[in-house]
Amino acid sequence: MQVNHAPSYEGKYKASKVVPLKNNILVKDMNFGERISKGGIILMSDDGTSEGVRPRWAEVYAIGPTHTDVKPGQYVYIEHGRWTRGVNIVDDNGDEFKIRKVDPEAVLLVTDDVPNDVNDGSTGVKLGTAG
């Protein structure tokens, strides 16, 4: 990882390339705010509370050299709380985002498509109908 080791006055790190070690997974774009499902159910924010505890979707940013289950650009559904605090990164294009390390054993689902949860505030879980 090429990083200017001292964060700027804004608390951001400039990074050219971040490569996790071993089988680690780095993700970005996790949603922690309160949301409303398509059915009108309020999903509470769980930022620092015990309410609204639920798994999260996140985009895979980078994987370690020994990891084979997911690839960058895919979306993973992660068990609640099985991620680290985020680090603010500014890449070479000037894009700013927060990356987090997730427990590879905590990945519940993987998809190549952007889950509903990421764009429209729904739960992202599609349930089948009995019939």
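The values are calculated or read from the model by the stated rules, or taken from the named source; none is laboratory data. These numbers come from a predicted model, not from an experiment. Cβ: placed from backbone, ideal geometry, glycine included. Neighbour counts: every protein chain shown.
For region 76-98, the count of residues that are at pLDDT 80 or above, assigned to a loop (DSSP other than H, G, I, E, B) and touching a Gly at 6+ places or on another chain (Cβ under 7 Å) is zero. Would you mind stating whether A130 is of a type in the set (A, V, I, L, M, F, W, C) and at pLDDT 85 or above? So A130 does not fit the description; no. When the residues of region 99-119 are filtered to those that are loosely packed, with under 15 Cβ neighbours inside 10 Å and under 16 Å from E59 (Cβ atoms), the one that is modelled with the lowest pLDDT is N119.
Applying the condition of being modelled with pLDDT under 80 and surrounded by 14 or more Cβ atoms within 10 Å (Cβ to Cβ) to region 15-33 and asking which residue is farthest from R54 (Cα to Cα) yields A15.
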